[in-house]
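The values are calculated or read from the model by the stated rules, or taken from the named source; none is laboratory data. Source: prediction; values computed, not measured. Please note: Cβ atoms are built from the backbone with ideal geometry, for glycine as well, and neighbour counts cover all protein chains shown.
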Amino acid sequence: MSHVHGPGCNHGSGGQTQTINIADANVAPPLYKNIAGFLRDEKKSGMKQKQGVFNGKRVDYFKGKQAVNALLKEGFAKTLPQDEKKPSERSDAVAILNELGRLGFILCVERGDPINGKHTPRALRPCSVQEMNESGYYLWVWEGSQLRVYLGAMGLVGAILTAVLFPLWPDFLKLGVWYLSVATLGLLGVFFGIAIVRLILFVITMIILPRGFWLFPNLFEDCGVIDSFKPLYGWDEPKQKKKSATTSSTAAAATAATTPAPSSSSSQKGSSTSTTVETVKED
């Protein structure tokens with residue numbers, strides 16, 4: 001992959017033609033493929049990646065500072081072989097980024113304006129000097145293994161051809177598909193029926209009883225399929241606890257407010273009495 005700087009480019013040096021040759025990352029050592037795979041996985045690296053447009057194609061790009069932070073995480077150190085030196089300083093992480101750029105995994109770019117206004121991908125232009133630093137932006141040239149993409153495309157084409165050739169299917173396959181579709185629709189009907197019945201029961205019991213009755217109380221909770229139907233029924237939590245707690249706290253505050261404070265005269269009497277007793281003891 002290469003990019004040619006020509007007179008029509010708004011980057012480069014003085015309108016002179018300049019070509020940036022990018023190495024083939026597929027022939028890079030496996031170590032750097034693992035590093036690139038770690039950085040591309042947002043769950044493992046925690047590195048946010050955005051989409052931009054480069055040479056009319058949408059690509060992913062990131063900021064150098066985020067990549068350096070990801071390379072200094074303990075999770076990255078665990079992915080390295082035991083005999084491989086782990087980066088301990090930010091300069092070590094920048095050196096790894098430089099090696100990824102030299103091997104053709106990433107390309108240093110400059111960000112332009114959004115293509116179609118706000119919240120749209122920005123135009124990306126390659127930098128004339130391919131130097132890695134924390135303040136720069138880098139696009140991914142290496143797309144990783146395309147095996148899943150190829151398998152998914154083949155599966156999609158196979159599914160479409162299978163659906164198109166449905167009239168040529170044997171009778172037993174057609175009958176099986178019909179039974180399967182009827183069973184699926186039946187399950188959906190039962191599910192919606194349970195949801196409607198439980199709502200009606202809850203509304204009726206809320207009017208008649210102080211607490212609402214739930215059929216399958218965990219039906220819409222974030223849990224497994226089997227746990228959604230356990231227990232069979234349940235009662236709504238009573239709301240009187242909050243009211244009683246509020247009432248008791250209000251009553252306690254009112255009692256404290258109405259309790260008379262000790263008068264100053266009684267305190268004075270107590271002090272004079274104690275003084276008298278002490279005087280008698282001294283005599």
inquiry  = Anything in the range 79-122 that is more than 24 Å from Ala23 (Cβ to Cβ) and either buried (at least 16 other Cβ atoms within 10 Å of the Cβ) or acidic (Asp, Glu) (or both)? List them, or say none.
reply    = Asp83, Glu89, Asp113, Pro121, Arg122
request  = Please give the number of the condition Met132 fails out of (1) closer than 16 Å to Gly56 by Cβ; (2) in contact with a strand residue (DSSP E or B) (Cβ under 7 Å, 6 or more places away or on another chain).
outcome  = (1)
key: Selection within the range 107-121 - closer than 24 Å to Gly37 by Cα and in contact (Cβ under 8 Å) with a residue 60 or more places away in the chain   = Leu107, Glu110, Pro121
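Could you check the range 49-67 and list, in sequence order, the residues that are outside any strand (DSSP E or B) and either modelled with pLDDT of 90 or more or not small (Gly, Ala, Ser) (or both)? Break it down stepwise before answering.
The initial filter retains those residues of the range 49-67 that are outside any strand (DSSP E or B), namely 49, 55-56, 64-67.
Within the range 49-67, Gln49, Asn55, Gly64, Lys65, Gln66, Ala67 qualify.
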message = Among the residues in the range 94-113, are any over 15 Å from Gly64 (Cα atoms), part of a strand (DSSP E or B) and in contact with a strand residue (DSSP E or B) (Cβ under 9 Å, 6 or more places away or on another chain)?
response = yes
inquiry  = Where the second residue is part of a strand (DSSP E or B) and crowded, with 16+ Cβ neighbours inside 10 Å and the first is assigned by TED's automatic domain parsing to the domain that holds Phe192 and without any contact (Cβ under 8 Å) to a residue 40 or more places away in the chain and lies in the range 203-226, which pairs have Cβ atoms under 8 Å and are six or more apart or on separate chains?
reply    = Thr205/Phe213
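For the structure I just gave you, tell me whether Val141 is touching a strand residue (DSSP E or B) at 6+ places or on another chain (Cβ under 6 Å) and surrounded by 15 or more Cβ atoms within 10 Å (Cβ to Cβ).
Numbers: touching a strand residue (DSSP E or B) at 6+ places or on another chain (Cβ under 6 Å): yes; surrounded by 15 or more Cβ atoms within 10 Å (Cβ to Cβ): yes.
When the stated conditions are applied, Val141 passes them.
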